[in-house]
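In what follows, a single structure is set out as structure tokens and then discussed.
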Amino acid sequence: MAGENGIEVRGLVREYRKGPRAVDGIDLSVAPGEIYGFLGPNGAGKSTTVHMLTTLLPPTAGAALVAGYDIVRQGPQVRAHIGAALQEAALDPLLTGREHLRLQTALHGMSRSDRKRRGDELLARVGLVEAADRKVGGYSGGMKRRLDLALALVHSPEILFLDEPTTGLDVQSRTALWVETGRLAKEEGVTVFLTTQYLEEADVLADRVGIIDHGRIVAEGRPSVLKAEIGRPTVEVIPADPADSARVASVLEQIGELISSPKGVAVRLRSNEADLAEVVRALDAADLRVEHLQLHQPSLDDVFLAKTGRSLEGAGEEEEEVAAEVALEPA
Ligand SMILES: Nc1ncnc2c1ncn2[C@@H]1O[C@H](COP(=O)(O)OP(=O)(O)O)[C@@H](O)[C@H]1O
Ligand SMILES: [Mg+2]
């Protein structure tokens with residue numbers, strides 16, 4: 001089964017006593033040194049999965065090996081090999097960044113001199129040297145998430161779990177975390193299991209992505225492969241003369257299905273092969289002049305749409321409505 005620093009999950013289920021089947025039988029494997037992006041809307045079951053894999057929550061059914069250890073029967077061994085920065089990270093606003101690190105290194109039983117060295121090293125690594133002696137209560141969101149990361153790295157774990165590490169962060173802080181996470185995987189061979197609601201994050205950072213919805217994995221693979229498999233490219237054309245719109249539409253209809261476009265005419269191509277030349281030739285043959293012609297490659301959102309029938313953006317709100325309905329049912 002699992003490689004030494006990998007993750008292997010089979011038929012994992014978590015049913016909350018008074019809640020939904022939050023994780024509904026998932027299978028996945030993460031190779032050592034890989035960044036696995038677990039992408040899904042609010043309420044999809046991402047945190048529940050992370051809590052099971054980090055041994056904070058027992059599964060209802062199924063099994064998983066983390067770093068080669070069984071999450072149910074070998075909790076202490078699992079915990080010795082992993083680091084986790086979870087969504088509800090408990091930072092003390094009255095302690096400084098350096099004090100947090102001192103506590104965490106002490107918890108891991110490091111000697112006094114190792115504690116200082118490791119603390120300084122991690123503060124530098126996440127860019128918190130200047131803020132190290134300031135109270136965390138005054139930190140920005142991005143600084144707090146970077147401190148979470150440093151704390152998760154104290155014992156040099158082989159596997160790192162990051163639960164929505166960049167949710168709510170500005171672009172700059174988000175990018176800084178991406179860079180650091182990428183470096184951990186590429187340079188130090190750390191295996192990363194990262195959850196996110198952000199398509200771009202999964203796309204940019206993850207070697208492989210699992211898309212989760214309603215507790216099930218609906219698609220899995222390398223982002224580029226997923227996009228090529230499911231999402232088809234679209235072509236948008238703005239005619240030089242707006243009066244030509246109808247004629248442009250009738251030409252494009254031959255190539256794919258027309259879709260709405262705010263400014264011009266757009267079509268979703270029938271095949272994955274983006275054949276712009278075909279579009280240009282067809283327009284030319286009809287003697288139509290074009291002001292603007294653009295190819296849109298499919299995104300992970302197209303993949304999500306194809307698998308679930310809705311867009312990832314906003315899917316979480318819909319989920320919350322469903323959850324509210326469930327809560328209203330008599331027990
Ligand atoms: N402690 C709990 N008790 C009951 N239901 C829960 C609990 N935690 C989460 N849920 C429900 O389980 C589902 C998955 O939640 P979660 O794993 O937190 O999703 P995500 O992290 O993807 O937003 C949601 O419907 C949520 O409301
Ligand atoms: Mg969550």
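Set side by side, the residues Ala80, Ala90 differ, and just one is free of Cβ contacts under 8 Å to residues at least 40 places away in the same chain and either touching a Cys at 6+ places or on another chain (Cβ under 7 Å) or surrounded by fewer than 16 Cβ atoms within 10 Å (Cβ to Cβ) (or both), which is Ala90. Check Arg17 against each of (1) in contact (Cβ under 8 Å) with a residue 60 or more places away in the chain; (2) surrounded by fewer than 18 Cβ atoms within 10 Å (Cβ to Cβ); (3) within 16 Å of ligand 1 (Cβ to nearest atom) and name the one condition it does not meet. Failing condition for Arg17: (1).
Given the condition small (Gly, Ala, Ser), without any contact (Cβ under 8 Å) to a residue 40 or more places away in the chain and either outside the structural domain of Glu88 (by TED's automatic domain parsing) or surrounded by 14 or more Cβ atoms within 10 Å (Cβ to Cβ) (or both), answer yes or no: does some residue in the stretch 146-158 qualify? Checked against the condition, which is being small (Gly, Ala, Ser), without any contact (Cβ under 8 Å) to a residue 40 or more places away in the chain and either outside the structural domain of Glu88 (by TED's automatic domain parsing) or surrounded by 14 or more Cβ atoms within 10 Å (Cβ to Cβ) (or both), the stretch 146-158 yields no hits at all.
Being surrounded by 16 or more Cβ atoms within 10 Å (Cβ to Cβ) and more than 10 Å from ligand 1 (Cβ to nearest atom) is true for just one of Val72, Val9. Which residue is that?
On the way: Val72 fails: surrounded by 16 or more Cβ atoms within 10 Å (Cβ to Cβ).
Exactly one of Val72, Val9 is surrounded by 16 or more Cβ atoms within 10 Å (Cβ to Cβ) and more than 10 Å from ligand 1 (Cβ to nearest atom), namely Val9.
Elements of the type helices (runs of 4 or more DSSP H) sitting completely within the stretch 211-306 and holding at least 3 residues that are without any contact (Cβ under 8 Å) to a residue 40 or more places away in the chain and surrounded by 13 or more Cβ atoms within 10 Å (Cβ to Cβ): these cover 245-252, 276-285. With the structure loaded, tell me whether Ala44 is assigned by TED's automatic domain parsing to the domain that holds Pro165, more than 24 Å from Val154 (Cα to Cα) and outside any loop (DSSP other than H, G, I, E, B) or whether it fails that test. Considered against the rule, which asks whether it is assigned by TED's automatic domain parsing to the domain that holds Pro165, more than 24 Å from Val154 (Cα to Cα) and outside any loop (DSSP other than H, G, I, E, B), Ala44 comes out as no. Against the list (1) within 25 Å of Gly45 (Cβ to Cβ); (2) part of a helix (DSSP H, G or I), the condition Thr166 fails is (2).
The values are calculated or read from the model by the stated rules, or taken from the named source; none is laboratory data. Since the structure is predicted, the reported quantities are computational estimates derived from the model, not experimental observations. Backbone-built Cβ (ideal geometry, glycine too); neighbour counts: all protein chains shown.
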